[in-house]
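S.K.: Can you read through this structure? Questions will come right after.
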Amino acid sequence: GQQLNQSPQSMFIQEGEDVSMNCTSSSIFNTWLWYKQEPGEGPVLLIALYKAGELTSNGRLTAQFGITRKDSFLNISASIPSDVGIYFCAGRPYSGAGSYQLTFGKGTKLSVIP
Amino acid sequence: DTAVSQTPKYLVTQMGNDKSIKCEQNLGHDTMYWYKQDSKKFLKIMFSYNNKELIINETVPNRFSPKSPDKAHLNLHINSLELGDSAVYFCASSPLSGSGWFFGPGTRLTVL
């Protein structure tokens, strides 16, 4: 099946620093989603991207849908302790039966040092 | 109001037992899913249902059987539980347009 390469796998940053993580795919996606998961909870949708080149913000979070449709990045500015968690990218294939399928990256575990 | 809910939150059972996990969504979405998250936090799709019809059935043992009594519910029944079934199972739903998948809080299954 399709695979998403998400990096970095983990990050330790100081409070106030900016964070950047990205995902790449070997195939085209028509939707990119970014999720955050906290311990004991389900993934929560942060940002959804639907068009190549789209740049969308949600507070201190900014994500972009790559022009090639094969990548996306998420930036977090001025990190705070509550940003701690695992961030997942997810992509939906371009068409067909697979368009019902959301493929996830392996996650970026973010730790923020106060 | 909870958008996607699952019960139970925790499930501890013996090997060989049969168990069910229930899921309900009140978002009016057309499609529901079951995902499995392993100990390394990798999320993998198991099943996808669209308007009570099975769309995707990944390489999941046939001991796992999803049942969708209506558009708002998708239950997961597991027969003859094995140690390797221990994981967190997430239900999710999305509209037909695919504009965002919404996840439930998860069910942590532990098989002893």
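S.K.: Tally time: how many residues in region B:90-111 are open to solvent by 10 Å² or more (accessible area, probe 1.4 Å), within 26 Å of residue B:13 (Cβ to Cβ) and part of a loop (DSSP other than H, G, I, E, B)?
M.R.: Selection size over region B:90-111: 1.
S.K.: Which one is farthest from the other protein chains (Cβ to nearest Cβ) among residues in region B:25-34 that are among the polar types (S, T, N, Q) and open to solvent by less than 70 Å² (accessible area, probe 1.4 Å)?
M.R.: B:25
S.K.: Can I ask one more? Could you check region A:48-62 and list, in sequence order, the residues that are away from chain B (no Cβ under 12 Å) and not charged (D, E, K, R)?
M.R.: A:52, A:53, A:55, A:56, A:57, A:58, A:59, A:61, A:62
S.K.: So which of B:37, B:14 is out of contact with any Ser or Thr (no Cβ under 6 Å at 6 or more places or on another chain) and open to solvent by 20 Å² or more (accessible area, probe 1.4 Å)?
M.R.: B:14
S.K.: So how many residues does region B:69-97 have that are within 14 Å of another protein chain (Cβ to nearest Cβ) and free of Cβ contacts under 8 Å to residues at least 40 places away in the same chain?
M.R.: The total comes to 1.
One line per residue, one yes/no per condition, for (1) assigned to a strand (DSSP E or B); (2) more than 14 Å from chain B (Cβ to nearest Cβ); (3) out of contact with any strand residue (DSSP E or B) (no Cβ under 7 Å at 6 or more places or on another chain):
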site: A:34; (1), (2), (3): yes, no, no
site: A:42; (1), (2), (3): no, no, no
site: A:46; (1), (2), (3): yes, no, no
site: A:64; (1), (2), (3): yes, yes, no
site: A:112; (1), (2), (3): yes, yes, no
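S.K.: Same structure, new question: Mind telling me which of the residues B:20, B:68 ends up being among the hydroxyl-bearing types (Ser, Thr, Tyr), modelled with pLDDT of 90 or more and out of contact with any Lys or Arg (no Cβ under 8 Å at 6 or more places or on another chain)?
M.R.: The match here is B:20.
S.K.: Output the residues belonging to region A:54-82 that are touching a residue at least 60 places away in the same chain (Cβ under 8 Å) and open to solvent by 10 Å² or more (accessible area, probe 1.4 Å).
M.R.: Within region A:54-82, A:78, A:80, A:81 meet the criteria.
The values are calculated or read from the model by the stated rules, or taken from the named source; none is laboratory data. None of the values given here were measured: they were computed from a predicted structure. Cβ: placed from backbone, ideal geometry, glycine included. Neighbour counts: every protein chain shown. These area figures cover heavy atoms from the full protein model, side chains too; ligands, DNA and RNA do not enter into them. Shrake-Rupley method; radii C 1.70, N 1.55, O 1.52, S 1.80 Å.
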